[in-house]
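All of the numbers you see were taken from the coordinates with simple rules; none came from a lab. If you're wondering where the values come from, they're calculated on a predicted model, not measured in any experiment. Here the Cβ positions follow ideal geometry from the backbone for every residue, glycine too, while neighbour counts run over all protein chains shown.
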Amino acid sequence: MIGIDAISLYTPRYMLKLEELAKSRGIDPAKYTVGLGQFAMSIMPPAEDIVTMAASAALPLIKDRKPPSLLLFATESGVDHSKAAGIWVHKLLNLPSSCRVLEIKQACYSATGALQLAIPYVKANPTEEVLIIASDNARYGIGTAGEPTQGCGAAAFIVKANPHLIAIEEGSGLFTDHVMDFWRPNHLDTALVDGKYSARIYLTALEACWKEYAAKTGRSFEDHARFCYHLPFSKMAEKAHERLSKHANTHDLVAHSLLYTKEIGNSYSASLYFGLASLLENDKEDLSNKRIGLFSYGSGCVAEFFSGIVQPSYRKTLRQDAHQTLFSARKEISCPEYEAYFRECGNQNKEEFDPSECQTGAFRLAGIQKYIRDYQPLA
Ligand code: HMG
């Protein structure tokens, strides 16, 4: 039995309410709060990026456990074409030099890809542990249709044998196709997207994955106690669930997985794992030994439907107090303040960068000189 032992989430210290964004854009706030099902989005300040978020998410997980022998960093917001972002995290967390580090990319699917590669690795090395960190900053641009579906965050999780949280089952349904629904050319720091087409492809991929998963495993919808879907915005998962269930009144099977994303926004590769943590930390029902269906979608596209069995000890490893304190302690900022941070973060790949004063988690991007990034633990 191999799976996820524990999950730790991180999101930056600033957030923008979507009602405030709607007012500034002259849009009915209900379009965002009802139409997209989103209330707020985390805002990246200039002294944070995918590395600081990743290290802050992973820090509580690596304490008091044997170091991982493999660190897989899943992201589509890479800060270097060559050097893996995980190497900075490896340094910040003082991991041993014997730990192998790689960056993995396929849009929002990459953390699930990393998980599926980690499972056979642990099977072959049953005493080893793998640290997977998904960390992303979703940027579409000021005034674009994608703007209310931005957000940022990191999810770190340990994959090992005899996990305490969820054991991943064999048998999944996959769907890969060359589609241009969402992409980000190398020179751009915001994504390009054909929004409505991307939502259609997401649902097409879900149906194809489910069909293959059901045929391979012989399982039906009713064999799953709960469902978690990739979460670009919460309404997308509700639509996906409606499509899969073909039943009325199954909203409670997905509702708890949506809570964190409604407040954080899209965290791309991390978002399915924000959903899983949100479900396990907020659903009052005892989910021990219950099967969760998981759908991962990464534009471009690769998608997978797979499943896991929640472990009897799962509640002992949850970090809901830390997560909920982090989310509720975020500072609400105004739309002009968000726009200023957004523009300043657009300079994070310049030759020289000196971030303005802002709050961070346990680590900060102290600056960039001659294209060399300097990260520091918070004093
Ligand atoms: P839009 O075109 O501005 O919005 O962009 P809309 O006109 O489609 O309206 C959105 C919803 O609000 C609609 O609901 C409206 O009816 C409703 P629907 O008909 O779809 O059920 N609405 C209202 N509801 C209540 N009161 C009102 C009101 N007005 C309208 N007054 C879109 C929306 C999501 C397309 C845009 O934000 C976007 O392009 N976002 C980015 C792309 C995205 O998130 N795609 C999701 C699937 S692809 C994916 O998940 C992968 C991804 O995570 C990337 C990766 O893999 O790396 C994105």
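One quarter of the convex hull surface built on the alpha carbon atoms of segment 123-175 amounts to 6.1 nm², the projected area averaged over directions. With all projection directions averaged, the alpha carbon convex hull of segment 226-341 covers 8.8 nm². The order of the peptides 35-41, 154-160 by mean Cβ neighbours within 10 Å, most packed first, is 154-160, 35-41.
Percent of C-alpha pairs per 10 Å bin in the chain, short distances first: 5, 26, 36, 25, 8, 1. Give me log10 I(q)/I(0) at q = 0.14, 0.16, 0.19, 0.24 Å⁻¹ for segment 45-136, Debye formula, one equal scatterer per alpha-carbon, no solvent. Values returned for q = 0.14, 0.16, 0.19, 0.24 Å⁻¹ are -0.46, -0.60, -0.85, -1.32. Taking packing as the residue-averaged number of other Cβ atoms within 10 angstrom, the listed peptides 263-269, 120-126 run from highest to lowest as 263-269, 120-126. Near V101: Cβ cut-off under 15 Å, other residues only, Lys/Arg at +1 and Asp/Glu at -1. The net charge is 0.
Charge tally for G26 (other residues, Cβ to Cβ under 14 Å; Lys, Arg +1; Asp, Glu -1): -1. Only helical runs count toward this figure. For the chain, summing -39,500 (n - 2.57) over DSSP H runs of n ≥ 4 and dividing by all residues gives -9500 deg cm²/dmol at 222 nm. When the square roots of the Cα gyration tensor eigenvalues are ordered a ≥ b ≥ c, the ratio a/c for segment 319-379 is 1.5 or more and a/b does not exceed b/c, which makes its shape oblate. GNM remark for the chain: springs join alpha carbons under 10 Å apart, and the peak mean-square fluctuation among M44, M236, M53 falls on M236. In terms of distances greater than 19 angstrom between alpha carbons, the cross-link table entries K66/K91; K262/K290; K123/K211; K83/K350; K66/K123 yield K262/K290; K123/K211. Taking every alpha-carbon pair under 8 Å whose residues sit at least 6 apart, segment 222-316 reaches a relative contact order of 32 percent. Charge dipole (Cα centre; +1 on Lys/Arg Cβ, -1 on Asp/Glu Cβ; no other charges) of the chain amounts to roughly 440 debye. Once divided by 2.2 N^0.38 Å, the Cα radius of gyration of segment 233-295 becomes 1.08.
Computed about the Cα centre, the dipole magnitude for segment 27-66 is approximately 260 debye when only Lys and Arg (+1) and Asp and Glu (-1) carry charge, each at its Cβ. For C358, neighbours were defined as the other residues whose beta-carbon sits under 15 Å from its Cβ, and their charges (Lys and Arg +1, Asp and Glu -1) total -3. The dipole here belongs to segment 276-379: it is taken about the Cα centre, uses +1 on the Cβ of Lys and Arg and -1 on the Cβ of Asp and Glu, and is about 420 debye. The P(r) of segment 136-264 has a tail past 21 Å containing 53 percent of all C-alpha pairs. Between Q320 and R243, full extension at 0.36 nm per residue minus the direct alpha carbon distance yields a gain of 24.7 nm. Each peptide in 318-327, 12-21, 359-368 receives the mean, over its residues, of other Cβ atoms within 10 Å, and ordering these scores from highest gives 12-21, 359-368, 318-327. Tell me whether segment 1-48 comes out rounded, prolate or oblate; compute the Cα gyration tensor, take square roots of the eigenvalues as a ≥ b ≥ c, and use a/c under 1.5 as the rounded threshold. Since a/c reaches 1.5 but b/c is at least a/b, the shape of segment 1-48 is classed as oblate.
Using a 10 angstrom cutoff on alpha carbons, build the Gaussian network for the chain and name the most mobile of A237, A208, A74. For the chain, modelled as a Gaussian network with Cα springs under 10 Å, the answer is A208.
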